[in-house]
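Right, one structure below, let's go through it.
The values are calculated or read from the model by the stated rules, or taken from the named source; none is laboratory data. Note that the structure is predicted; figures quoted are calculated from it, not measured. Every residue, glycine as well, gets a Cβ built from its backbone with ideal geometry; the counts of neighbours run over all protein chains shown.
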Amino acid sequence: MQLEPRSNAIADSGPVVSRGNNFAAVREQILREDSSPSEQIEVTGSDYIRLSLKPPIGRGYVDFIQFAPDFLAVVADSEFSDEQIFSYKGESWAKFNFRLSGASVISFDGRHSEELGGRTSHVFAHPKGLTQCDLFVPGEASRWVSIFFKRRRLTENLGIDVERLPREFADFLEGNEGAGYFKTTDLSYSTEILVRELLKPPENLALRPLFLKSRIYSLLYAYLNETFCMDDCADRPGSLSRRDIEKLEESRSILEEDMLNSLNMHSLARKVGLNRNKLSYGFRDHFGITIFKFCKQTRLRKAHELLINTSMSAVQIADAVGYTHASSLSVAVKACFGRTPIQIRNEVRI
C-alpha cells in the first residue's frame, strides 16, 4: 500500500507525551472517547497492562511491559478503525522496533517522514528536543514489537560495546544527542520467529508478563547479536607506529581522568589526533581491553576507592563516577568485585 505522509497533520495532532508515562498517556489517548475504560483494560501489577481495543476504536490488543523506569516494551496485534496519531517528545530513548505487518508513517518534528511496512526492523535514537509522531493507517492489521531504553541501560546494564555500533548510534549512546539515528532493515528469519512467539502470549493473564519478558530478552539478544556483533578483524588497522602508541597512551590518561565519560569516541579521537577506527582497534590491541571496558573498570575502581576511603553516600559516589542511579552502580560493583557496596564498606569497618 502506498502511503501519503501528511507531515503537517502529524505535527499538529494531540498532546506530545513522554515515554516515561507511556502506559498512562497512550492508554488515555486511545480511550479518550470511551465511556467505560475499565472494560477495555486488563492490568497485572504495575509492570504489565493489556489494552483491549474494541469498536468503535478498533480491535485487537496492545501489551505494555515495564522492566524498569528506563526499560519498556510494547507488543501489539491491533487494527484501528480511524487514523491514530501519537506524538512523543525526545528524552534520549533508544528504540528497537520489529514489524510483521501493518502500515504507518513516522515523522520527526513534522518535517522528515519515513513510511514503515511489514517484515522490517528499525533502530531509532530519539534525542532531546526532537518530536516523533507515529501515524497508524486505519484498516491495516498492525503486528509489531518495540523495545525502548534510556542510553545507559544499553551500555551499563546490558554491556553493549558501543565500539561495535554504527558511529551515529554509538555517539548517541555516549551522550552526543546530535540529530538522532534511524535505520530500517529487513526482518531476519530468526528474529521473525521470536516476534511471532511474542504475539502468541498465554491466555492465563498471570503468566503473560513472565512469558513476554523472557521472550523480549531473547529477541533483544538475537537482534543485537546478529546486527551489531561485527567481525573483530573487519577494518582493523595495520601495525601501530610509535606515534600511534603515544597517542593511545594519551587517550588512556584522558579516560582515567574522565570519570563522567564526557568525551565520546569521536571527540576523544579528534582530541588525540587519531581516526576513530585506529583509536578503537589500536586501544584494544595495545592495552588488551576495549575502551568501553576500560572506562567501566576505571569508574568501578574509583567507586571502590571512594567506598573504602570516604563517607560519601552511594548516591554521591554514583554521581561522582558517572552512574545515573545508585542501584545501577551497586549491580556493577557486585558483578566486578563479588560484593555489594555495603559489604565492601562494612569490611573496612571490621
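Just give me the residues in the range 307-325 being crowded, with 16+ Cβ neighbours inside 10 Å and on the phi < 0 side of the Ramachandran plot, in sequence order.
Leu307, Ala314, Ile317, Ala318, Asp319, Ala320, Val321, Tyr323, His325
So that you can scan it fast, the table gives a plain yes or no per residue for (1) in contact with a Cys (Cβ under 8 Å, 6 or more places away or on another chain); (2) closer than 18 Å to Gly60 by Cβ; (3) free of Cβ contacts under 8 Å to residues at least 12 places away in the same chain:
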site	(1), (2), (3)
Tyr88	yes, no, no
Ala94	no, no, no
Arg99	no, yes, no
Ile106	yes, no, no
Asp109	no, no, no
Leu116	no, yes, no
His122	no, no, no
Lys128	no, no, no
Thr131	no, no, no
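Every residue, every condition in (1) outside the structural domain of Phe169 (by TED's automatic domain parsing); (2) modelled with pLDDT of 90 or more; (3) over 30 Å from Val62 (Cα atoms); (4) part of a helix (DSSP H, G or I), yes or no:
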| residue | (1), (2), (3), (4) |
| --- | --- |
| Phe211 | no, yes, no, yes |
| Ser214 | no, yes, no, yes |
| Tyr223 | no, no, no, yes |
| Cys233 | yes, no, yes, no |
| Ser253 | yes, yes, yes, yes |
| Phe283 | yes, no, yes, yes |
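Any residue that is at pLDDT 75 or above, assigned to a loop (DSSP other than H, G, I, E, B) and not polar (S, T, N, Q) - is there at least one of those in the range 153-160?
So far as the range 153-160 goes, no, none of its residues is at pLDDT 75 or above, assigned to a loop (DSSP other than H, G, I, E, B) and not polar (S, T, N, Q).
Filter the range 58-90 for residues that are closer than 19 Å to Leu210 by Cα, of a type in the set (Asp, Glu) and in a strand (DSSP E or B) and give the result.
The answer is Asp63, Asp77.
Of everything in the range 186-203, what is polar (S, T, N, Q) and at pLDDT below 85? Give them in sequence order.
Scanning the range 186-203 gives Ser188, Ser190.
Taking the condition within 30 Å of Glu174 (Cβ to Cβ) and touching a residue at least 24 places away in the same chain (Cβ under 8 Å), does Ala76 pass? Break it down stepwise before answering.
Values: within 30 Å of Glu174 (Cβ to Cβ): no; touching a residue at least 24 places away in the same chain (Cβ under 8 Å): yes.
Judged against the criteria, Ala76 is not a match.
Only residues that are among the polar types (S, T, N, Q), part of a loop (DSSP other than H, G, I, E, B) and touching a residue at least 60 places away in the same chain (Cβ under 8 Å): list them for the range 298-350, please. Spell out the reasoning first.
Narrowing the range 298-350 to residues among the polar types (S, T, N, Q): 298, 309-311, 313, 316, 324, 327-328, 330, 340, 343, 346.
Imposing the further condition that a residue be part of a loop (DSSP other than H, G, I, E, B) reduces the set to 310-311, 313, 324, 340.
Residue satisfying the conditions is Thr324 alone.
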